[in-house]
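What follows is one structure encoded as structure tokens, with my remarks underneath.
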Amino acid sequence: MPAILAIESSCDETAVAVVAAAAGEKARVLTSEISSQIELHQPYGGVVPELASRNHSLVLRPLVEVALRNAGLGIDQIDAFAATAGPGLASSLLIGNTAAKAMALAMRKPFIAVNHLEGHLLSPFLHATTVPPHIALIISGGHTLLIEVTTVASYRKLGSTLDDAAGEAFDKVAKMLGLPYPGGPSIEKSAIDGNPRAFSFPRGLMHESHFDFSFSGLKTSVLYTLPKIENVAAAVPDLCASFQAAVIDVLLHKSLQALSASGFSHLALSGGVSLNKPLRAAFQQACDDRKIRLSLADPALCTDNAAMIAFAALLRHQIGQSDPLNSPIHPNLPLVG
């Protein structure tokens, strides 16, 4: 049963995982280890690249050792080594990528470069035996993408954000409201006590025939609304609920629009923003009403993790794909094209 060790270090999480599966069988996550840097970057309200790469260097080797021990495997029992090649912060990508290549070279095993976005895209199917044709919505801090998936490695981009990603908009609005980083969980928590119809925020590109997104206008609308409110602190729950509802409406509308145009009846959600509970509930209800199959990535696979990278690498390893040790990182690596 082939076992893949993968490293994810594209931004501010250092992650190592080992995933194994025989051909035609469900993949098994033998271990998935993550060293978070949230507290390190929280005082700055966002990720500081120099701090991120330095911390990756400090924790990566012990994390690999923990992963191998928890997987019950020696390094000589790993069949291939993988790492995120992009997109991400160049200084962070280099740490994990170089380490995986070094291990592959030392053990004379294949190296597999994985697109971070492909990891997210495939994550809802980690415990399935196949990846079926479907429409994938990837929503994270840096990306909002609608992808038509025919099979593994056969993807067509339908739409993406023209400005801010959904997660980026959450972070920026949270900062405006004085809420802690990361913004997504902070806004979701505050929105629980708010009225989603208290403020009428715009839904960008809702009535356009294409599948692209825009959240810049929504973010700006929140900014311009704040000076008009006498007691902003008291209005924060309503502001959060109204903002969150606007984001969900746009994501859901565009996804259903893409499904209708494609003729598919299967939708998959992945990425950190897909952890949002009201978003999940709205998508589940809409899909149930339309008899659309909805696949959601497990919560542990939504934020940056190495299990999804290992799974993507495993699927490529099973069809005989690998990459040369001199393959470069790509900070702006696109998923398609």
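So the values come out like this:
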{"quantity": "Looking only at the stretch 30-84, and only at residues there that are over 22 Å from the mean Cα position of the chain (by Cα) and polar (S, T, N, Q), the one that is farthest from P182 (Cα to Cα)", "calculated": "Q77"}
{"quantity": "First in the stretch 148-171 and within 19 Å of V222 (Cα to Cα), second anywhere and outside any strand (DSSP E or B) and of a type in the set (A, V, I, L, M), Cβ under 6 Å, 6 or more apart", "calculated": "A166/V247; A166/V273; G167/V273; F170/I187"}
{"quantity": "The stretch 5-31 - residue that is under 24 Å from S91 (Cα atoms) and of a type in the set (V, I, T) and, of those, surrounded by the fewest Cβ atoms within 10 Å (Cβ to Cβ)", "calculated": "V18"}
{"quantity": "Residue within the stretch 262-280 that is free of Cβ contacts under 8 Å to residues at least 40 places away in the same chain and farther than 30 Å from E13 by Cβ present", "calculated": "yes"}
{"quantity": "Any hit, the stretch 85-100, residues being modelled with pLDDT under 95, more than 14 Å from the chain's Cα centre (by Cα), surrounded by fewer than 20 Cβ atoms within 10 Å (Cβ to Cβ) and of a type in the set (V, I, T)", "calculated": "no"}
{"quantity": "Residue in the stretch 78-92 that is touching a strand residue (DSSP E or B) at 6+ places or on another chain (Cβ under 7 Å) and among the β-branched types (V, I, T) present", "calculated": "yes"}
{"quantity": "Of the criteria (1) under 25 Å from Q285 (Cβ atoms); (2) surrounded by fewer than 18 Cβ atoms within 10 Å (Cβ to Cβ), which one G217 fails", "calculated": "(1)"}
{"quantity": "The stretch 216-232, residues that are among the β-branched types (V, I, T) and part of a helix (DSSP H, G or I)", "calculated": "T220, V222, T225, V232"}
{"quantity": "Single residue of the stretch 118-164 satisfying the filter (among the polar types (S, T, N, Q) and surrounded by 24 or more Cβ atoms within 10 Å (Cβ to Cβ)) that is nearest to L252 (Cα to Cα)", "calculated": "T144"}
{"quantity": "Condition check for A258: at pLDDT 95 or above, assigned by TED's automatic domain parsing to the domain that holds V114 and either over 19 Å from the mean Cα position of the chain (by Cα) or crowded, with 18+ Cβ neighbours inside 10 Å (or both)", "calculated": "no"}
{"quantity": "Index of the failed condition, P110 passing every other in (1) under 16 Å from S270 (Cβ atoms); (2) over 18 Å from the mean Cα position of the chain (by Cα)", "calculated": "(1)"}
{"quantity": "Contacts under 6 angstrom Cβ, first residue in the stretch 195-218 being modelled with pLDDT of 95 or more, partner of a type in the set (S, T, N, Q) and not in a loop (DSSP other than H, G, I, E, B), 6 or more apart", "calculated": "P196/S242; A198/S242; F199/S242; F201/S221; F201/S242; P202/S221; F213/T144; F213/T161"}
{"quantity": "Failed condition for L294, given (1) outside any strand (DSSP E or B); (2) under 18 Å from the mean Cα position of the chain (by Cα)", "calculated": "(1)"}
{"quantity": "Check on I229, assigned by TED's automatic domain parsing to the domain that holds G272, out of contact with any strand residue (DSSP E or B) (no Cβ under 7 Å at 6 or more places or on another chain) and either among the polar types (S, T, N, Q) or surrounded by 15 or more Cβ atoms within 10 Å (Cβ to Cβ) (or both)", "calculated": "no"}
{"quantity": "Residue within the stretch 53-63 that is touching a His at 6+ places or on another chain (Cβ under 9 Å) and surrounded by 19 or more Cβ atoms within 10 Å (Cβ to Cβ) present", "calculated": "no"}
{"quantity": "Residue within the stretch 234-241 that is touching a strand residue (DSSP E or B) at 6+ places or on another chain (Cβ under 9 Å) and crowded, with 22+ Cβ neighbours inside 10 Å present", "calculated": "no"}
{"quantity": "Subset of the stretch 32-48 [surrounded by 14 or more Cβ atoms within 10 Å (Cβ to Cβ), part of a helix (DSSP H, G or I) and out of contact with any Phe, Trp or Tyr (no Cβ under 9 Å at 6 or more places or on another chain)]", "calculated": "L40"}
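The values are calculated or read from the model by the stated rules, or taken from the named source; none is laboratory data. All values derive from a computational prediction rather than experimental measurement. Because the Cβ atoms are built from the backbone with ideal geometry, glycine has one as well, and the counts that use them run over all protein chains shown.
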